[in-house]
Amino acid sequence: MASMDVPADRQPPAAAEKTRAAVVDAPRLTWLTLALMTTASVASLRAAPTMAVYGLACVFLYLVPAIVFLLPTALVSAELASGWNGGVYRWVSEGLSKPLGFLAVWCQFAMTIFYYPSLLAFVASTLAYIIDPSLASSGLYTAIVIMVLYWTGVWVSSRGTKALAGLSSWGLVIGTLVPGTILVVLGMVFLAQGNPSAAPMTASHLLPQWTGLASLVLIVNNFLSYSGMEMNAVHVSSLKNPAKEYPKSMFLAMALVLLIFILPALAISWVVPADQTSLTAGVMQAFDSFFAYFHIGWMTPIAAVMLISASLAGMLTWLAGPSKGLLEISRSEGYLPPFLQRLNRFGVQQNILVTQGVVTTVIALGYAFIPNVSSVYWIFSTITTQVYLIVYLLMFVAAMRLRKNQPDHPRGYRVPALNVLCTVGLLASAAAMVIGFVPPSQFGGGSVWSYVLIIGCGLGILGLLIPWAFLRFRKPDWQTEAAREEAGA
Amino acid sequence: MSPTRFASEHKWIYLGAIVVLLAFVVIGLVNYETVKKTNEATDKANQLADAAVDAGYPRPDTDTVVRALGTDGGIVCENPGGALKSALWKINVSNGAAFVGQRPVVGDTRALRAEAKIIEIYCPQKLDDFRDRLDDLDTDDTVRR
């Protein structure tokens with residue numbers, strides 16, 4: 001524990017050397033591994049039954065956001081990562097200012113705190129399906145599963161990038177690519193047998209039903225399906241040749257994400273009628289109905305284990321990415337107290353992870369044991385996505401500024417028509433933020449203005465007030481010796 | 001992926017993960033119960049198929065419904081109105097995101113009420129609690145049929 005608790009610049013020389021070496025000699029990742037990590041943080045089959053309800057229109061609901069949000073996010077971050085190491089905090093710091101760089105990475109980090117309990121509650125309910133479905137209603141069981149899985153994730157993340165890179169990329173293969181392929185092949189077999197598709201597949205069903213605001217909410221909110229494409233850029237320095245390899249990994253990740261989202265959802269909509277793909281009965285019920293048709297119901301528990309592994313793989317990437325970015329800017333600028341800047345012997349931001357874990361634990365216990373918390377937990381999904389949109393707004397503005405102010409800075413990849421892409425991405429992000437204030441189904445008949453107030457306050461506190469407080473109350477001695485020397489040099 | 005990964009110092013972490021996942025696969029397969037086709041299961045499947053036709057859907061294959069729901073409705077009837085279960089499906093009435101981009105939307109009325117029909121037929125004693133949860137929702141017809 002001793003070496004884990006000491007900042008690198010205050011350790012004995014040999015230990016400090018070792019810690020710095022761990023940071024400098026970042027473990028090597030291949031571009032393929034990074035592509036799989038990126039895909040694991042964005043896509044899984046969890047959403048497939050939800051989108052299968054929309055039938056052929058799910059293609060539209062994924063393709064339009066891909067054009068206006070996925071493409072700008074992926075291509076712009078590919079250019080930025082091919083020119084600057086460090087991820088979103090570095091891009092925004094260079095393009096706009098260091099405090100805004102801190103704001104960007106804070107928003108990317110803070111939103112995940114509220115995300116883990118709902119992700120792990122889903123994992124707990126899927127695990128209950130395997131062990132004993134009645135467990136899914138137990139608060140104690142849910143709390144234990146969330147705690148065990150979350151802290152195991154923290155422990156794995158604290159062992160270094162390589163450990164989680166392997167687990168997350170294999171988790172994607174086992175938990176998403178293999179079962180996704182099985183779903184699509186079985187769906188094609190179903191059609192090849194001469195069965196009519198359960199969901200109409202005519203041209204008129206390509207567009208979703210237009211009902212005004214509700215449809216707009218559905219379409220615009222789907223932009224966020226691709227959130228996180230840029231997150232793993234923080235590991236770009238682990239690539240052998242970041243300038244060339246990062247763009248390659250982004251192109252592969254983009255293709256995989258689109259295929260994973262669209263094809264399995266379509267396959268389910270071919271086989272399982274929409275009245276059996278209930279939005280409320282849960283993901284496993286849809287898979288159960290799918291496999292029941294093919295007389296291979298025993299595949300359902302296997303699919304459940306696969307879904308769990310994909311969810312945990314995604315969680316690992318989210319644990320490691322934003323916290324690493326937060327550490328890097330905090331160490332160079334002294335934005336966080338020294339305690340949070342400490343590294344363990346693997347060069348990992350263990351104290352940030354543990355502090356985040358304590359907060360997550362409290363929230364998760366509230367979710368598991370207090371019905372009033374769990375019943376309104378969906379509100380956090382809106383608040384956290386609103387907070388995340390701040391990252392994208394800053395990223396697109398920073399990209400345009402960097403192209404203008406540092407046109408000759410070497411970049412391994414230059415995206416064509418960057419300003420057009422950034423403007424499209426910026427408008428899409430702004431639209432998603434505005435739509436985030438429209439009450440969804442879960443708010444029932446409540447007052448629109450009270451909903452706007454709740455979301456606005458959440459966004460203000462989590463996304464603006466807390467990072468402002470860190471910047472306002474930071475102390476000069478929070479900046480490490482090493483960072484001061486670097487700044488001086 | 002690096003061919004040397006499994007030779008790394010983290011090999012035992014990977015092995016541990018594989019063992020745990022395989023253990024859950026075995027538990028899942030052992031616990032998996034094949035639903036037997038009984039007269040009661042067939043009657044209930046026919047009722048559900050009739051309800052689907054009445055609602056304007058194509059008639060589902062009743063054998064498939066029997067295998068998925070049996071006589072007791074399977075997981076659909078596991079405390080459908082409970083706080084944690086409701087919390088989960090409320091979070092899942094969302095866009096198409098699988099991770100952090102997940103955000104609630106205005107759900108489709110019929111898709112949200114589909115489960116109520118299953119509960120009505122397979123476990124009617126649990127319908128009231130579930131309906132209470134559903135009645136709190138503000139929905140719209142967002143699925144083209």
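Remarks
- Value of relative contact order over chain A, rounded to a whole percent, pairs C-alpha under 8 Å and six or more apart: 34 percent
- Per-pair calculated FRET efficiency, R0 = 25 Å: residue A:255 and residue A:206 via Cβ, rounded to 0.05: 0.75
- The helix-based estimate of mean residue ellipticity at 222 nm for chain A, built from -39,500 (n - 2.57) per DSSP H run of four or more residues and divided by its residue count, is -22000 deg cm²/dmol to the nearest 500.
- Taken residue by residue and averaged, Cβ atoms of other chains lying within 10 Å of the Cβ of A:436-445 number 6.
- Packing here is the average count of other Cβ atoms within 10 Å per residue, and on that basis the peptides A:234-243, B:18-27, highest first, run A:234-243, B:18-27.
- Rough spin-label spacing in nm, given labels placed 7 Å along Cα→Cβ, for residue A:131 and residue A:472: 4.5 nm
- Going by neighbour counts of Cβ atoms within 10 Å, the residues A:211, A:126 line up, fewest first, as A:211, A:126.
- Put in order of Cβ neighbour count within 10 Å, fewest first, the listed residues A:367, B:122 become B:122, A:367.
- The angle between the Cα long axis of helix A:98-131 and the longest principal axis of the Cα atoms of chain A comes to about 40 degrees, rounded to the nearest 10.
- Proximity of backbone amide H atoms, modeled 1.01 Å from N, is registered between residue A:348 and no other residue at under 5 Å, excluding neighbours fewer than 5 places apart on the same chain.
- The modelled label-to-label distance for the pair residue A:430/residue A:359, using points 7 Å beyond Cα in the direction of Cβ, is 2.9 nm.
- When each of B:123, A:457, A:107 is scored by the number of other beta-carbon atoms lying within 10 Å, the sequence from fewest to most is A:457, B:123, A:107.
- Calculated from backbone phi, Karplus (6.51, -1.76, 1.60) coupling profile of region A:32-45 in Hz, x at Gly/Pro: 5, 4, 5, 5, 5, 4, 4, 5, 5, 7, 10, 10, 7, 7
- Under-5 Å amide H pairs with residue A:239, H placed in peptide plane, nonlocal only: A:29
- Modelled label positions at residue B:37 and residue A:370, each set 7 Å beyond Cα in the direction of Cβ, lie 5.2 nm from each other.
- Put simply, the amide H of residue B:94, placed in the peptide plane, has neighbours under 5 Å in B:105, leaving out anything fewer than 5 places away on its chain.
- For chain A, the longest principal axis of the alpha carbon atoms and the long axis of helix A:283-293 meet at an angle near 40°.
The numbers here are math on the coordinates, done by the rules we state, and not lab data. Here the structure is a predicted model, which is why all the values come from computation and not from measurement. Note that each Cβ is placed from the backbone with ideal geometry, even for glycine, and that neighbours are counted across all protein chains shown.
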